[in-house]
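A short worksheet on the structure shown next.
The values are calculated or read from the model by the stated rules, or taken from the named source; none is laboratory data. It should be emphasised that the depicted structure is a prediction, and the values quoted were computed from it without experimental measurement. Note that we place each Cβ from the backbone using ideal geometry, even for glycine, and neighbour counts take in every protein chain shown. When the accessible area is computed, the model is the full protein with side chains, heavy atoms only, and any ligands, DNA or RNA have been set aside. Shrake-Rupley method; radii C 1.70, N 1.55, O 1.52, S 1.80 Å.
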Amino acid sequence: MLEQLKKEVLDANLELVKRGLVLYTWGNASAIDRESGLVVIKPSGVDYDVMRAEDMVVVDLDGNIVEGKLRPSSDTPTHLELYKAFKEVGGIVHTHSTWAVGWAQACQPIPCYGTTQADYFYGEVPCTRPLTEEETNTAYEKNTGLVIKEAFEGKNPIYVPGVLCANHGPFAWGKNAADAVYHAVVLEETAKMSAVTRIVNPQAKPAPQYVVDKHFLRKHGKNAYYGQGR
């Protein structure tokens, strides 16, 4: 079942390691087949060195295991809430990458200081509010997804393909699992650049909106002209 999607999800998980975003088992990637409504996700706590495509777990949007011998990632409920909330999203990644976690632990959004971030994120990368004690102790992972959804009220998740969970770390997404990994890599690098900006000038201001507009829309707007066409 969904053998090609399992391979894509395995490749996405391994790419996280290759790109230095995951140590040990500190992360996960998933993808959804929108036609069937089924999600393929990394198994919980399995070492990346021995993980195979057949180890990927298939679940429905209610979290029921449809296929797989292993338990799915403990973050599965978060992924499921995001797939239900963001209908255009086809893949999701969660990591504990250093620089993005730094901003998340500081409970701060990442300001869009310049064109690198603006090329991929239409403005700042938001940070969720901290979970309450009750939210943490009851359905923690599901509530993590719900608080991300809350942070995106009035925002386009395709224009801002990532978020920081307060006191936790980043989630990123895209049209498929590989695209989600790509955005996770970019998010980590822009988190690093923004931290350096704050060090050099603690009073630094975000880039002017017209600069953000220019860089984001030349790649992603209806009249985009970056690259060699679609």
Among residues of the stretch 35-77, those that are touching a Ser or Thr at 6+ places or on another chain (Cβ under 6 Å), among the hydrophobic types (A, V, I, L, M, F, W, C) and farther than 20 Å from F171 by Cα, counted:
0
Hey, could you check the stretch 182-208 for residues that are free of Cβ contacts under 8 Å to residues at least 60 places away in the same chain and part of a helix (DSSP H, G or I) and say which is farthest from V17 (Cα to Cα)?
V200
Name the residues in the stretch 23-45 that are open to solvent by less than 70 Å² (accessible area, probe 1.4 Å) and either of a type in the set (D, E) or assigned to a loop (DSSP other than H, G, I, E, B) (or both), would you?
T25, D33, S36, G37, K42, S44, G45
State whether one or more residues within the stretch 4-14 are without any contact (Cβ under 8 Å) to a residue 24 or more places away in the chain, part of a loop (DSSP other than H, G, I, E, B) and either open to solvent by 70 Å² or more (accessible area, probe 1.4 Å) or more than 22 Å from H183 (Cβ to Cβ) (or both).
no
Looking at I41 and the list (1) touching a Lys or Arg at 6+ places or on another chain (Cβ under 9 Å); (2) β-branched (V, I, T); (3) under 22 Å from K142 (Cα atoms), which single condition is not satisfied?
(1)
Looking across the stretch 154-210 at residues that are over 26 Å from D33 (Cβ atoms) and among the small types (G, A, S), the single one that is most open to solvent (accessible area, probe 1.4 Å) is G154
If you scan the stretch 209-229, which residues turn out to be hydrophobic (A, V, I, L, M, F, W, C), free of Cβ contacts under 8 Å to residues at least 60 places away in the same chain and part of a helix (DSSP H, G or I)?
L217
Among the residues of the stretch 115-161, what is the count of those that are of a type in the set (K, R) and either in a helix (DSSP H, G or I) or within 13 Å of the chain's Cα centre (by Cα) (or both)?
2
Based on this model, can you work out whether A139 counts as of a type in the set (A, V, I, L, M, F, W, C) and at positive phi?
yes
Residue among D60, D47, D33 that is farther than 24 Å from I148 by Cβ and more than 17 Å from the chain's Cα centre (by Cα)
D47
By residue number, the members of the stretch 46-68 that are open to solvent by 60 Å² or more (accessible area, probe 1.4 Å), modelled with pLDDT of 95 or more and more than 15 Å from I32 (Cβ to Cβ) are R52, E54, I65
If you scan the stretch 68-116, which residues turn out to be under 20 Å from N176 (Cβ atoms), out of contact with any strand residue (DSSP E or B) (no Cβ under 8 Å at 6 or more places or on another chain) and of a type outside the set (D, E, K, R)?
A85
